[in-house]
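First up is the structure itself, then whatever we jot down about it.
Every read-out reported here was derived from the displayed coordinates using simple, explicitly stated rules and does not represent laboratory data. No experiment lies behind these values; they were computed from the predicted model shown. Positions of Cβ are generated from backbone atoms using ideal geometry, with glycine treated the same way; all protein chains shown enter the neighbour counts.
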Amino acid sequence: MNAPAPSVQPRNALSGRRALVTGSTSGIGLGIARALAAKGADVVLNGFGDRHGIQRIQDEIAAAFGVRVGHSDADLSQPAAIGLMFDELQATGSGRLDILVNNAGIQHVAPIVAFPPAKWDQILALNLSAAFHTMRLAIPLMRQGGYGRIVNIASAHGLVASPFKAAYVAAKHGLIGLTKTAALETAAEPITCNAICPGYVFTPLVEQQIEDQARAHGIAREAVIRDILLAQQPNKRFATVEEIGAFTVFLCGAEAASITGAALAVDGGWTAH
Ligand code: NAD
């Protein structure tokens, strides 16, 4: 009798790997960190929140999947804080870094003429420059460990624009350019770098946008979801953090070795228009 074909993603496919997921105390980042841990990777969380709440998340993931779960509260809009986070990363756990997910991001919605310059700087610093700084420090560690997977969480707004999101759209387009450059610089090595471009995913960031738009237009939440947010998204549903987590896991595995420099849409057909 033939042996059963190996599953594409064994349960421990990422065992022995160590991942840093930025902005992972909430939303998509937390979903990705959980999905990587479920495949056996040690994870370092990053992001803000109540210290006890974050500790509970760390304990819960560690107990569920038998992996080590650290946390850094570094403010990634500050290059010096990113440097300190990497010093700590190298001094703790195995010291290695195999997987980097650049996910931390914020949004601000306003027309260009009314866009606060300080918001522009803050969004560019977090949504774009932070990924440069983490990659600058992570690639040497990946080279040292002989394996690297970089996944940058861009957006459908990295591929197409919408009005009133100047900083976000500019940063996400830039992040895709940065992704392609890193992919070319590491292409001959066992390192890949890709961008995931989600459409709307239901998270606290989107919840905030629903409330803001409902207030701005004086309409009900349901109308904001149907007529504004999902108006662009042909499949008319929010993606889930579990879907983005599963796709990230695939990109971080051995099977995705030939996928690099790609901007991969997970947007229900948004950018097919
Ligand atoms: P979220 O608001 O739920 O989570 C953001 C995370 O980033 C939190 O953990 C927060 O603490 C952390 N964070 C915020 N500022 C930080 C800083 N200065 N330093 C370090 N950490 C910081 O957001 P989300 O919806 O999960 O979005 C995550 C990423 O996905 C963002 O880059 C966003 O642009 C992108 N994205 C989201 C959607 C969506 O529909 N939710 C769609 C496309 C792309």
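For the peptides 42-48, 168-174, 264-270, 203-209, what is the packing order when you average, over each peptide's residues, the other Cβ atoms within 10 Å and list the highest mean first?
Top to bottom by mean Cβ count within 10 Å: 42-48, 168-174, 264-270, 203-209.
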Practice problem: Excluding residues on the same chain fewer than 8 positions from Lys119, give the aspartates and glutamates whose Cα lies under 16 Å from its Cα. | Solution: Asp75
Quiz item: Against the longest principal axis of the chain, how steep is helix 79-91, in degrees 0 to 90 to the nearest 10, with axes from Cα atoms?
Solution: 20 degrees
Quiz item: Of the listed peptides 188-201, 244-257, 214-227, what is their order by residue-averaged count of other C-beta atoms within 10 Å, with the highest listed first?
Solution: 188-201, 244-257, 214-227
Quiz item: Summing Lys, Arg as +1 and Asp, Glu as -1, what charge do residues with Cβ under 12 Å from the Cβ of Ala62 carry, Ala62 excluded?
Solution: 0
Practice problem: Enter the per residue convex hull volume of the range 137-230, computed from alpha-carbon coordinates, in Å³ rounded to the nearest integer. | Solution: 110 Å³
Quiz item: Relative contact order of the chain: what whole-number percent is it, with Cα pairs under 8 angstrom and at least 6 residues apart?
Solution: 20 percent
Quiz prompt | Cross-link partners of Lys180 among aspartates and glutamates (Cα-Cα below 17 Å; sequence separation of 8 or more within a chain) | solution = Glu189
Quiz item: Among Ser258, Ser24, Ser72, Ser162, what is the fewest-to-most ranking by other Cβ atoms within 10 Å?
Solution: Ser258, Ser162, Ser72, Ser24
Quiz item: Percent relative contact order of the range 1-140, based on C-alpha pairs within less than 8 angstrom and at least six residues apart?
Solution: 24 percent
Quiz item: Going by how many other beta carbons lie within 10 Å of each one, how would you line up Phe238, Phe164, fewest first?
Solution: Phe164, Phe238
Exercise. Could you tell me what fraction of 2.2 N^0.38 Å the Cα radius of gyration of the chain comes to, as a two-decimal ratio?
Key: 1.00
Self-check item: Eligible aspartates and glutamates near Lys39 by straight Cα distance, threshold 17 Å, same-chain separation 8 or greater
Solution: Asp59, Glu60, Asp98, Glu242, Glu243, Glu255
